[in-house]
1. If I filter the stretch 12-43 down to residues being within 16 Å of residue 75 (Cα to Cα) and small (Gly, Ala, Ser), which single residue comes out as surrounded by the most Cβ atoms within 10 Å (Cβ to Cβ)?
2. Is the stretch 108-120 home to any residue that is in contact with a strand residue (DSSP E or B) (Cβ under 7 Å, 6 or more places away or on another chain) and surrounded by 22 or more Cβ atoms within 10 Å (Cβ to Cβ)?
3. For the stretch 73-103, how many residues meet the condition of being under 19 Å from residue 179 (Cβ atoms) and either without any contact (Cβ under 8 Å) to a residue 24 or more places away in the chain or part of a loop (DSSP other than H, G, I, E, B) (or both)?
4. Provide a single number: the residues in the stretch 82-105 that are farther than 10 Å from residue 136 by Cβ and small (Gly, Ala, Ser).
5. Quick check: is even one residue across the stretch 138-149 within 13 Å of the ligand (Cβ to nearest atom), of a type in the set (A, V, I, L, M) and on the phi < 0 side of the Ramachandran plot?
6. Keeping to the stretch 1-42, report how many residues are more than 14 Å from the chain's Cα centre (by Cα) and part of a strand (DSSP E or B).
7. Would you check which residues across the stretch 1-47 are polar (S, T, N, Q) and within 19 Å of residue 63 (Cα to Cα) and list them?
8. Are any of the residues in the stretch 3-11 surrounded by 17 or more Cβ atoms within 10 Å (Cβ to Cβ), away from the ligand (no atom under 16 Å from the Cβ) and within 16 Å of residue 160 (Cβ to Cβ)?
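What follows draws every value from the coordinates through simple rules; no lab data is involved. Quick caveat: nothing in here was measured; it's all calculated off a predicted structure. Heads up, the Cβs are rebuilt from the backbone with ideal geometry, glycines too, and the neighbour counts pull from every protein chain shown.
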Amino acid sequence: MTIGVLALQGAFIEHEQMLARLGENSFEIRQRRDLERSMDGLIIPGGESTVQGKLLRELGLFEELKARIQGGLPTFGTCAGLLLLAGRIENDARTHFAVMDITAVRNAYGRQLGSFHTEADFAGVGAIPMTFIRAPYIASFSGAVQALAEVDGKVVAARERGLLVTAFHPELDGDPTVHTYFLDMIRTIK
Ligand code: GLN
């Protein structure tokens with residue numbers, strides 16, 4: 001398969017490395033021309049959602065990518081990527097692609113606990129390492145959304161049809177569970 005990785009800002013290289021490790025192809029999406037390539041799925045990395053949102057609009061990528069995601073392009077968003085996909089952000093008036101029926105809270109863990117590492121079950125497949133960096137969590141969700149992981153009673157991973165989001169950074173821990181889940185998701189949707 002070939003996965004497009006949004007490469008405007010943030011931790012995109014680590015996603016590419018994980019995909020390579022799993023034997024999949026990827027390419028970077030940086031400008032409109034890159035959207036001419038065909039992709040089986042899209043990854044939106046962690047970083048800063050406001051910066052990525054601004055660059056997506058300035059570079060003329062926003063409308064086209066939103067239409068593709070709404071049209072069923074399987075998409076995996078980590079951290080800032082979760083915020084770009086969230087239908088509502090409780091503490092930010094601005095939303096971005098707003099394609100997923102979740103309400104996220106931005107920078108949800110306060111200053112002291114802004115970044116932390118833990119382990120928790122993911123999608124019933126067992127405990128995996130989870131690194132949180134000024135992360136959001138999912139305060140509520142509805143419709144077809146399924147919660148896939150919880151930490152301290154907060155939902156930190158979810159899926160809605162072809163959309164997958166994690167508040168943590170599975171690309172940083174060397175554990176392929178979440179990427180494998182995404183690739184399997186694409187195969188079953190196809
Ligand atoms: N705090 C960032 C935001 O609001 C997300 C942090 C991350 O992606 N690691 O976009």
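1. Taking the candidates together, the pick is 41.
2. No, the stretch 108-120 contains no residue that is in contact with a strand residue (DSSP E or B) (Cβ under 7 Å, 6 or more places away or on another chain) and surrounded by 22 or more Cβ atoms within 10 Å (Cβ to Cβ).
3. Number satisfying all stated conditions: 3.
4. 3
5. no
6. Of the residues in that region, 6 qualify.
7. Matches in the stretch 1-47: 9, 31, 38.
8. no
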